[in-house]
Amino acid sequence: MIEVSGIRIPLSALDGSDERELAACRRALARKLHVRESDIELLERRRRSIDARKRGDVQLTFTLRAELAPGARVRADKGVKLVDERPFTFPAPVAHTGSRPVVVGAGCAGLFCALSLARAGLEPLLVERGDDAARRAEAVRRHNETGELDVESNIQFGVGGAGTFSDGKLQTGTRSPAHRLILETFVAAGAQRQILWDAKPHVGSDVLPRVVTDIVRQIEEAGGEVRTRCRMSDLDVTGGRVHSVTLATTGDDGVEREERVSASCVVLACGHSARDVFELLRDRGVALERKTFAMGVRIEHLQADIDRALYGPAAGHPALGAAPYGLSCHLPSSRSAFSFCMCPGGYVVSAASERGGVCTNGMSLSDRAGTNANAGLLANVFPEDLPGDDALAGVELQRACERAAFAAGGGAYVAPAQLVGDFLQGVPSSAGGRVRPTYPRGVSWGDVATCLPPYVAGTLRDAIPVLGRRLRGFDAADAVLTGVETRSSSPVRVTRGDDGQSVSVRGLWPVGEGAGYAGGIMSAATDGILAAQKIVGSL
């Protein structure tokens, strides 16, 4: 099979349909190779990106793979190569007679680790403190409409983890041969096929619930067991080794029942919001360390303004969709600010998991058709910014900011909000403007800076004008800031060695975002698969 990169197609050849795009790719590839279109027997898109460096000439750029008819004569050209890849696969089945692995947490790290272990024949037990996707979606809806918060099943907790309600962005800055396998698994579970070739793929929070539900089905069909409303309440560590876990399961009657399960292999994939788990680990002598994390606010603009700023006259073309952005800057203060989890055509969501604390995040549906664009606008918090030597000091700072935001919003999980123009001048806002906040519990206008550490608020205030010079309109006075965003990453790392196990407890395998080793759906899923490979290899 040959692979050809750098295939450029103008928007004039496209209408937004997959059929028109594929036909344009075939024509362009035939011209590139100097063959007839009929000579292309198989055509596969491997990468699709938008080149908007010239706003007056926005084009799509493709990497294509093709098989040609026997006898077709290709003129060698730049960007053409032969490929013969061996696909990355799940671990092969192995013989195992010991206790089954227990995987704690059904976010992407836990799901893909459990799926890998199940495919290897180890019959893992995957436990998730929250609900299955359907019940979880109902809990989120109820919270949005009434303010009632289920602390065990919400935007943070439940099958699929926090990523289920944050657009399902699959773009990653990491490289791994596992990425293709992960994308193919998502597609097999019901995600859109275009995630296989989009440079910035996303699934959408309306599609992800059924995708993760199907992955649960795959785990069970491969011999694994999945329990929801089941949390790890204790961990038996004796002699520097895991011996068992205590699981607390809440039945339909609302009664919690505990069970001790023997386990010499426990995969810790609890996510970055399982603060009680971090406390349990600390109390059981598991090695923890502080790590850099980030906090800030959500910033909202009209999506049409972002589209025009990035695509110019091409804004609104059906082949482009809602424009995403990614911004960062390093300031003279030696601090940095950056956008995070940018949601084109999306919504700011209530991501609280503790009573009395407001926490925000962003979400888009698969069509990204909302009126607003939103992104986290964050500044780093370094370990040296925190007092004392407690490994969980970052957790306490997050909690303090969330409680301050709850108080500033007036309770009932209403969020504090402020116009960018007022934030830059250091004055509270009394009303909104052209950009209407999308946070579902409503906002209370005021001063979001009062809910953040001064060094975070100051960094954001210094950064917004700089970022406005990089993306026109980013610093618009009527853009909306909604606070606070505190859960972009874990403030804690569960320290592990080169073998993947905790440096202090044998048999404990920390993986994913909560353990401090991933930063999104793809990197978390990859970490889960690689952990499973190491577990299988250790048997």
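Structure summary
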{"quantity": "Odd one out for PHE88 among (1) touching a strand residue (DSSP E or B) at 6+ places or on another chain (Cβ under 8 Å); (2) surrounded by fewer than 20 Cβ atoms within 10 Å (Cβ to Cβ); (3) closer than 30 Å to ALA28 by Cβ", "calculated": "(1)"}
{"quantity": "Pairs, first on the phi > 0 side of the Ramachandran plot in the stretch 185-201, second of a type in the set (Lys, Arg) and surrounded by fewer than 18 Cβ atoms within 10 Å (Cβ to Cβ), C-beta under 6 Å, six or more apart", "calculated": "GLY190/ARG210"}
{"quantity": "Members of the stretch 322-340 found to be surrounded by fewer than 18 Cβ atoms within 10 Å (Cβ to Cβ) and either of a type in the set (S, T, N, Q) or at positive phi (or both), listed by number", "calculated": "SER328, SER333, SER334, SER336"}
{"quantity": "Filter result for THR228 (at pLDDT below 95, buried (at least 16 other Cβ atoms within 10 Å of the Cβ) and over 30 Å from LEU320 (Cα atoms))", "calculated": "no"}
{"quantity": "Among (1) free of Cβ contacts under 8 Å to residues at least 24 places away in the same chain; (2) touching a Pro at 6+ places or on another chain (Cβ under 7 Å) - the single one PRO454 does not satisfy", "calculated": "(2)"}
{"quantity": "Test: residue in the stretch 150-160 that is part of a loop (DSSP other than H, G, I, E, B), under 26 Å from GLY321 (Cα atoms), more than 17 Å from the chain's Cα centre (by Cα) and touching a residue at least 12 places away in the same chain (Cβ under 8 Å)", "calculated": "no"}
{"quantity": "Matching residues, the stretch 45-89, being among the β-branched types (Val, Ile, Thr) and either over 21 Å from HIS34 (Cα atoms) or modelled with pLDDT of 95 or more (or both)", "calculated": "ILE50, VAL58, THR61, THR63, THR89"}
{"quantity": "Per-region count, the stretch 355-395, residues of a type in the set (Ser, Thr, Tyr) and in contact with a helix residue (DSSP H, G or I) (Cβ under 8 Å, 6 or more places away or on another chain)", "calculated": "1"}
{"quantity": "Condition met for LEU68 (outside the structural domain of GLY271 (by TED's automatic domain parsing) and in contact (Cβ under 8 Å) with a residue 24 or more places away in the chain)", "calculated": "yes"}
{"quantity": "Residue check, ARG434 more than 24 Å from GLY346 (Cα to Cα), in contact (Cβ under 8 Å) with a residue 40 or more places away in the chain and among the basic types (Lys, Arg)", "calculated": "no"}
{"quantity": "Some residue of the stretch 354-367 being at positive phi, in contact with a Phe, Trp or Tyr (Cβ under 8 Å, 6 or more places away or on another chain) and surrounded by fewer than 24 Cβ atoms within 10 Å (Cβ to Cβ)", "calculated": "yes"}
{"quantity": "Residues within the stretch 425-441 that are touching a helix residue (DSSP H, G or I) at 6+ places or on another chain (Cβ under 6 Å) and farther than 18 Å from GLY370 by Cα, tallied", "calculated": "1"}
{"quantity": "Unique match (being within 19 Å of SER489 (Cβ to Cβ) and acidic (Asp, Glu)) among ASP150, ASP131, ASP167", "calculated": "ASP167"}
{"quantity": "Criterion: farther than 30 Å from ARG284 by Cβ and in contact with a Gly (Cβ under 8 Å, 6 or more places away or on another chain) - qualifying residue of ASP475, ASP422", "calculated": "ASP475"}
{"quantity": "Qualifying residue in the stretch 165-181 (condition: surrounded by 16 or more Cβ atoms within 10 Å (Cβ to Cβ), at pLDDT 95 or above, touching a Gly at 6+ places or on another chain (Cβ under 9 Å) and in a loop (DSSP other than H, G, I, E, B))", "calculated": "no"}
{"quantity": "Breaking point among (1) under 30 Å from ALA323 (Cα atoms); (2) out of contact with any Ser or Thr (no Cβ under 8 Å at 6 or more places or on another chain); (3) not assigned by TED's automatic domain parsing to the domain that holds GLY163, for VAL74", "calculated": "(1)"}
{"quantity": "Enumerated strands (runs of 3 or more DSSP E) restricted to the stretch 229-282, each holding at least 3 residues that are touching a Ser or Thr at 6+ places or on another chain (Cβ under 9 Å), not assigned by TED's automatic domain parsing to the domain that holds ALA391 and not small (Gly, Ala, Ser)", "calculated": "230-238, 241-250, 256-262"}
{"quantity": "Count of residues meeting criterion [at positive phi, surrounded by fewer than 24 Cβ atoms within 10 Å (Cβ to Cβ) and touching a residue at least 60 places away in the same chain (Cβ under 8 Å)] in the stretch 495-515", "calculated": "1"}
{"quantity": "Flag for ASP307 being free of Cβ contacts under 8 Å to residues at least 24 places away in the same chain, buried (at least 21 other Cβ atoms within 10 Å of the Cβ) and among the acidic types (Asp, Glu)", "calculated": "yes"}
{"quantity": "Residue tally, condition closer than 22 Å to ALA379 by Cβ and either in a strand (DSSP E or B) or more than 23 Å from the chain's Cα centre (by Cα) (or both), over the stretch 475-511", "calculated": "12"}
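A quick yes/no check of all residues on (1) surrounded by fewer than 24 Cβ atoms within 10 Å (Cβ to Cβ); (2) of a type in the set (Gly, Ala, Ser); (3) under 23 Å from ASP390 (Cβ atoms):
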position	(1), (2), (3)
ILE521	no, no, no
THR526	no, no, no
LYS534	yes, no, no
GLY537	yes, yes, no
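The values are calculated or read from the model by the stated rules, or taken from the named source; none is laboratory data. Bear in mind that the values here come from a model prediction, so they are computed numbers and not experimental data. Ideal geometry is used to build each Cβ from the backbone, glycine not excepted, and the neighbour counts take in all protein chains shown.
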